[in-house]
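*Asks:* Before we start, here is the structure in question, set down as structure tokens.
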Amino acid sequence: MAFVIAVVGKGGVGKTTLSGMLVQYLCHNGKKPVLAVDADSNSNLNEVLGLEITGSLGEIREELDSNIRGLIEELKTKGLEDYTFSRMNEAITKGDGYDLLVMGRSQGKGCYCYVNDLLRNLIAKVSENYPFMLVDNAAGMEHISREILPKIDVVILVSDCSRRGIMSAGRIQRLVKEIGHNPSVMGLVVNAAPDGVLDEGTIEEIENQELELIGIVPQDDEVFSFDSDGIPLISLPETSPVKQALHKIFQRIGV
């Protein structure tokens, strides 16, 4: 089974940017193929990677829900599970050294339980084909609490400099432990820190939450410029302070 890295944290703290950079880092260092899973219903990991997606699990879910009667004859020969897995391949987009699996969003009403089940089963089935799997999780704790991942080797908790972000990271860390995951590394990355420095209040909250700080990523206007211009963030130059800080973090966690 793949070495699984989960990137988690509240919304808007930079999880997807970090995830895209980590996919690029792994591929550049020969640790490929990588299975990158965009498990957020508001998928945009492909934009960081500069990749046009071909489909999503959400779209497949909608088709199954709306057309199950029309599929009866085909399901008689293939079976629902085999048919579903064959269709799921359409939600995997090939990149340079990695494959991207997109969860996508539901177009109609209802919960994501079925999509989550599909995602869980697919990950268990295909992960053995990849040495590394990176999961960019939805904001908050949904995919941790639903145990989408069969195992987790590394948990990267991402936060901005706010106390709310740090507190959210603390709650996720406690949940990971409560549901029985035992990652070899679980640490906090604070993103978009002015001048790469944390103030006393942020440091105090990190200590209160008993989090291990494994890295600080400085605020950088170049990231905003790339994002505003629609340029994939993995195209940031190697001299970028953001990219350099993230590479040090990735080296520290041993990937």
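The values are calculated or read from the model by the stated rules, or taken from the named source; none is laboratory data. In this text, all values refer to a predicted model and were calculated from it rather than measured experimentally. For neighbour counting, all protein chains shown are included, and Cβ atoms are generated from backbone atoms with ideal geometry for every residue, glycine included. Accessible surface is based on the protein model in full, side chains and every heavy atom, while ligands, DNA and RNA are left aside. Shrake-Rupley method; radii C 1.70, N 1.55, O 1.52, S 1.80 Å.
*Asks:* Being part of a loop (DSSP other than H, G, I, E, B), open to solvent by 30 Å² or more (accessible area, probe 1.4 Å) and either modelled with pLDDT under 70 or among the hydroxyl-bearing types (S, T, Y) (or both) is the filter here; which residues of region 75-109 pass it?
*Replies:* Answer for region 75-109, where residues must be part of a loop (DSSP other than H, G, I, E, B), open to solvent by 30 Å² or more (accessible area, probe 1.4 Å) and either modelled with pLDDT under 70 or among the hydroxyl-bearing types (S, T, Y) (or both): R105, Q107, G108, K109.
*Asks:* Sticking with this one: In region 22-43, which residues are of a type outside the set (A, V, I, L, M), in contact (Cβ under 8 Å) with a residue 24 or more places away in the chain and in a loop (DSSP other than H, G, I, E, B)?
*Replies:* Scanning region 22-43 gives K31, K32, P33, D40, S41, N42, S43.
*Asks:* Would you check if F226 is part of a helix (DSSP H, G or I), open to solvent by less than 70 Å² (accessible area, probe 1.4 Å) and without any contact (Cβ under 8 Å) to a residue 40 or more places away in the chain?
*Replies:* So F226 fits the description; yes.
*Asks:* Return the residue satisfying two criteria in turn: it lies in region 2-16 and is of a type in the set (G, A, S) and open to solvent by less than 10 Å² (accessible area, probe 1.4 Å), and of such residues it is nearest to the chain's Cα centre (by Cα).
*Replies:* A6
*Asks:* Mind checking whether some residue in region 190-204 is among the hydroxyl-bearing types (S, T, Y) and within 22 Å of V176 (Cβ to Cβ)?
*Replies:* Applying the first criterion (among the hydroxyl-bearing types (S, T, Y)) to region 190-204 yields 202.
Now drop any that are not within 22 Å of V176 (Cβ to Cβ), which leaves 202.
Yes, region 190-204 contains at least one residue that is among the hydroxyl-bearing types (S, T, Y) and within 22 Å of V176 (Cβ to Cβ).
*Asks:* Can you confirm whether S19 is part of a loop (DSSP other than H, G, I, E, B) and either open to solvent by 50 Å² or more (accessible area, probe 1.4 Å) or not aromatic (F, W, Y) (or both)?
*Replies:* no
*Asks:* Sticking with this one: Please give the number of the condition E178 fails out of (1) surrounded by fewer than 18 Cβ atoms within 10 Å (Cβ to Cβ); (2) within 17 Å of the chain's Cα centre (by Cα); (3) at pLDDT below 95.
*Replies:* Evaluating E178 over (1) surrounded by fewer than 18 Cβ atoms within 10 Å (Cβ to Cβ); (2) within 17 Å of the chain's Cα centre (by Cα); (3) at pLDDT below 95 leaves (2) as the failure.
*Asks:* Is there any pair with a first residue in region 208-221 that is part of a strand (DSSP E or B) and a second that is open to solvent by 30 Å² or more (accessible area, probe 1.4 Å) whose Cβ atoms are under 7 Å apart and which are 6 or more apart or on different chains, and what are they?
*Replies:* These pairs meet every condition: I214/R252; G215/K248; G215/R252; V217/N191; V217/A192; P218/D195; P218/P241.
*Asks:* Could you go through region 184-195 and let me know if any residue there is assigned to a helix (DSSP H, G or I) and not β-branched (V, I, T).
*Replies:* Yes, region 184-195 contains at least one residue that is assigned to a helix (DSSP H, G or I) and not β-branched (V, I, T).
*Asks:* In region 187-217, which residue that is closer than 24 Å to I5 by Cβ and open to solvent by 30 Å² or more (accessible area, probe 1.4 Å) is nearest to the chain's Cα centre (by Cα)?
*Replies:* Step by step, filter region 187-217, then rank; the result is N191.
*Asks:* Can you confirm whether I144 is within 23 Å of E52 (Cα to Cα) and either modelled with pLDDT under 90 or surrounded by 16 or more Cβ atoms within 10 Å (Cβ to Cβ) (or both)?
*Replies:* no
*Asks:* Please indicate, with yes or no, whether at least one residue in region 112-120 is part of a loop (DSSP other than H, G, I, E, B) and at pLDDT below 75.
*Replies:* Scanning region 112-120, I find at least one residue that is part of a loop (DSSP other than H, G, I, E, B) and at pLDDT below 75, so the answer is yes.
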